[in-house]
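A.B. asks: Handing you this structure, nothing more for now.
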Amino acid sequence: MKNVLVTGGAGFIGANFVRYLLEKEPEVRLVNLDLLTYAGNEANLVDLPNAHNHIFVQGDIRDAELVEKLFADYDLDTVVHFAAESHVDRSILGPAAFVETNILGTFVLLESARKHWQGDPEGKRFHHVSTDEVFGSLGPDDPPFDEHTAYDPRSPYSASKASSDHLVRAYSHTYGLPATVTNCTNNYGPYQYPEKLIPVIITNCLQGKPIPVYGDGKQIRDWLYVGDHCDAIYRVIVNGREGETYAIGGNNQPTNLEIIHTICEVLDDRLPNSPHAPHKELITFVTDRPGHDRRYAMSIDRIQAELGWQPTESLATGLEKTVDWYLANLDWVDDIRNESVYADWMTKNYGKR
C-alpha cells in the first residue's frame with residue numbers, strides 16, 4: 001500500500017488504526033476522511049507518528065464528488081472503511097442516519113473504487129470494517145459466530161451494517177473489486193466516545209453517577225482491545241484473500257455485569273481515596289432496551305489459521321490499560337462531556353432514570 005484512504009479516521013477505531021498504520025508503514029501517505037460528527041474528534045489525532053504523511057479532510061462519505069476527487073488527487077490504492085453510525089441506541093431512536101451513512105456512504109465509496117481501479121486491480125484493496133451484530137443473537141448453547149453464520153440483524157444499526165456488507169461482497173463478485181470484510185466483536189480502549197458501555201462505566205464512576213445496567217446485566221459479549229483489532233485489520237489488508245471475510249474477536253465471553261465489576265475493582269485500586277468507592281455501589285439497573293441481543297461470541301479459527309493472528313491483550317490487561325488511559329486523559333473526557341450533544345444525549349437516556 002502506498003496511498004491509503006481511511007474513512008472515519010477521527011473516530012474511535014479509525015483514529016487508533018491511523019496511529020497504528022502511520023507507525024507500522026512510515027512511508028504510507030494516509031488520507032483521513034471524516035465528517036467530524038459528534039463521534040469524530042480531531043483531538044484523537046494529536047501527536048500522530050509520522051504526522052507529515054497524514055492528510056486530514058473533513059467531509060462526508062456520501063459526497064460522491066468529494067470522494068471521486070480524493071481518488072483522483074491522491075491515486076488511492078487502498079481504502080479502509082470505518083466511517084459509520086454505530087450506536088444501537090441511537091439507531092433505535094433515529095434510524096435514517098444509519099441508512100444514509102452506512103448504506104449509501106458505502107455505495108459511494110465502492111463506486112469510486114470500481115471506477116478508478118477498473119482494469120487495474122493489482123495492488124489495490126477495499127477493506128470494509130463491520131460488526132458481529134449482523135449475525136443476530138446466540139442462545140446459551142449455540143456455537144460461536146463464524147464466517148459462515150447466516151445474517152440475522154436485529155436493530156436498525158445492525159441491519160444497515162448487514163446491507164453494507166452485502167454491497168461490498170456484491171461488488172467483489174460482480175465487478176471483481178479486490179475487497180475484504182471483517183466482522184469484529186465489541187471494541188474497547190483509548191479514544192472511545194463515552195456513550196458506549198465501558199467508557200460510560202469509567203466516566204460515571206469518576207463523577208459518582210449511577211452506572212446504568214440494562215435489564216439483568218447478564219447479556220454476554222466478546223470484547224476486543226482496539227489495538228489487537230487494528231493489527232488484525234492490517235493483516236487482512238496485506239495478506240487476506242480477496243473476496244473473503246474474516247471474523248475477529250477477543251476470545252472471551254463475560255456478562256456485562258462481570259465487565260462492570262471488573263472496571264469498578266480496577267478503579268477502586270487506582271483511586272483508593274475516591275469518595276465514590278467502592279464503585280460497584282453505583283450500579284443501577286434500568287429498563288432493558290428494545291430487541292437487546294442476549295449473547296454474542298466469535299470464532300477466530302480462520303484468521304488464526306490463515307494469518308497467524310490472535311489477540312495479545314487478555315480482557316484483564318486490556319481493561320487495565322483502558323482505565324489507565326482514561327485516568328491519564330481526563331481533559332479529553334471533560335472536553336467531550338462539556339459538549340452539548342453529549343450532555344443532551346446522556347441526560348435524555350440516563351439522567352431521568
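The values are calculated or read from the model by the stated rules, or taken from the named source; none is laboratory data. The model shown is predicted, which means the values in this text are computed figures rather than measured ones. Positions of Cβ are backbone-derived with ideal geometry, glycine not excepted, and every protein chain shown enters the neighbour counts.
A.B. asks: Among 104, 66, 93, which is the only one that is modelled with pLDDT under 95, surrounded by fewer than 20 Cβ atoms within 10 Å (Cβ to Cβ) and aliphatic (A, V, I, L, M)? Spell out the reasoning first.
C.D. replies: Numbers: 104 fails: modelled with pLDDT under 95; 66 fails: modelled with pLDDT under 95.
From the options 104, 66, 93, the qualifying one is 93.
A.B. asks: Another question, then. Please indicate, with yes or no, whether at least one residue in the range 193-216 is part of a helix (DSSP H, G or I), in the same structural domain as residue 14 (by TED's automatic domain parsing) and in contact with a strand residue (DSSP E or B) (Cβ under 7 Å, 6 or more places away or on another chain). Steps first, please.
C.D. replies: Start the filter on the range 193-216 by keeping residues that are part of a helix (DSSP H, G or I), which leaves 197-207.
Within this subset, residues satisfying the condition of being in the same structural domain as residue 14 (by TED's automatic domain parsing) are none.
No - not one qualifying residue is present in the range 193-216.
A.B. asks: Would you check if residue 32 is touching a His at 6+ places or on another chain (Cβ under 8 Å) and not in a loop (DSSP other than H, G, I, E, B)? Before the answer, list the steps.
C.D. replies: Details: touching a His at 6+ places or on another chain (Cβ under 8 Å): yes; not in a loop (DSSP other than H, G, I, E, B): yes.
Yes: the conditions hold for residue 32.
A.B. asks: Name the residue that is nearest to residue 211 (Cα to Cα), counting only residues in the range 241-289 that are among the basic types (Lys, Arg) and part of a helix (DSSP H, G or I).
C.D. replies: Of all residues in the range 241-289, those among the basic types (Lys, Arg) come to 241, 270, 280, 289.
Cutting the leftovers down to part of a helix (DSSP H, G or I) gives us 270, 280.
Working: 270: 18, 280: 8 Å.
Restricting to residues being among the basic types (Lys, Arg) and part of a helix (DSSP H, G or I), the top hit is 280.
A.B. asks: Inside the range 283-300, can you point out the residues that are surrounded by fewer than 18 Cβ atoms within 10 Å (Cβ to Cβ) and among the polar types (S, T, N, Q)?
C.D. replies: 284, 287
A.B. asks: If you check residue 143 against the conditions, is it under 26 Å from residue 76 (Cα atoms) and in contact (Cβ under 8 Å) with a residue 60 or more places away in the chain?
C.D. replies: Taking the combined requirement at face value, the residue does not satisfy it.
A.B. asks: Please state which one of 287, 245 is at pLDDT 95 or above, polar (S, T, N, Q) and either under 18 Å from the mean Cα position of the chain (by Cα) or not assigned by TED's automatic domain parsing to the domain that holds residue 143 (or both). Before the answer, list the steps.
C.D. replies: Values: 287 fails: at pLDDT 95 or above.
Result: 245 is the single residue among 287, 245 that is at pLDDT 95 or above, polar (S, T, N, Q) and either under 18 Å from the mean Cα position of the chain (by Cα) or not assigned by TED's automatic domain parsing to the domain that holds residue 143 (or both).
A.B. asks: Can I ask one more? Counting only residues that are out of contact with any strand residue (DSSP E or B) (no Cβ under 7 Å at 6 or more places or on another chain) and polar (S, T, N, Q), which one in the range 137-157 is nearest to residue 252 (Cα to Cα)?
C.D. replies: Among them, the one singled out is 149.
A.B. asks: Further question on the same structure: Being surrounded by fewer than 23 Cβ atoms within 10 Å (Cβ to Cβ), part of a helix (DSSP H, G or I) and touching a residue at least 12 places away in the same chain (Cβ under 8 Å) is the requirement here; does residue 15 meet it? I'd like the intermediate steps shown before the answer.
C.D. replies: Values: surrounded by fewer than 23 Cβ atoms within 10 Å (Cβ to Cβ): no; part of a helix (DSSP H, G or I): yes; touching a residue at least 12 places away in the same chain (Cβ under 8 Å): yes.
The answer is no for residue 15.
A.B. asks: State the number of residues belonging to the range 23-43 that are surrounded by 24 or more Cβ atoms within 10 Å (Cβ to Cβ) and either under 16 Å from residue 333 (Cα atoms) or of a type in the set (A, V, I, L, M, F, W, C) (or both).
C.D. replies: 3
A.B. asks: In addition: With the requirement that a residue be under 18 Å from residue 37 (Cα atoms) and assigned to a helix (DSSP H, G or I), what does the range 57-78 give you? Walk me through it before giving the result.
C.D. replies: Filtering the range 57-78 for residues under 18 Å from residue 37 (Cα atoms) gives 57-63, 66-67.
Passing the criteria: 66, 67.
A.B. asks: Test each condition in (1) touching a helix residue (DSSP H, G or I) at 6+ places or on another chain (Cβ under 8 Å); (2) hydrophobic (A, V, I, L, M, F, W, C); (3) at pLDDT 95 or above for residue 257 and report the one that comes out false.
C.D. replies: (1)
A.B. asks: Determine the pairs where a residue that is more than 14 Å from residue 184 (Cα to Cα), located within the range 229-243, has a partner that is in a helix (DSSP H, G or I) and basic (Lys, Arg) with Cβ atoms under 8 Å apart, the partner being 6 or more residues away or on another chain.
C.D. replies: Close Cβ pairs (under 8 Å, with a partner that is in a helix (DSSP H, G or I) and basic (Lys, Arg)) amount to 243/169.
Per-residue answers, yes or no, for (1) within 21 Å of residue 125 (Cβ to Cβ); (2) in contact (Cβ under 8 Å) with a residue 60 or more places away in the chain:
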residue	(1), (2)
24	yes, yes
30	yes, no
44	no, yes
47	no, no
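A.B. asks: Of the numbered conditions (1) on the phi < 0 side of the Ramachandran plot; (2) at pLDDT 95 or above, residue 333 satisfies every one except a single condition; which is it?
C.D. replies: (2)
A.B. asks: Still on this structure: Taking the criterion of being out of contact with any Lys or Arg (no Cβ under 8 Å at 6 or more places or on another chain), of a type in the set (S, T, N, Q) and closer than 21 Å to residue 183 by Cα, would at least one residue in the range 86-101 satisfy it?
C.D. replies: yes
A.B. asks: Within the bounds of the range 141-155, is there any residue that is buried (at least 21 other Cβ atoms within 10 Å of the Cβ) and among the small types (Gly, Ala, Ser)?
C.D. replies: There is at least one residue in the range 141-155 that is buried (at least 21 other Cβ atoms within 10 Å of the Cβ) and among the small types (Gly, Ala, Ser).
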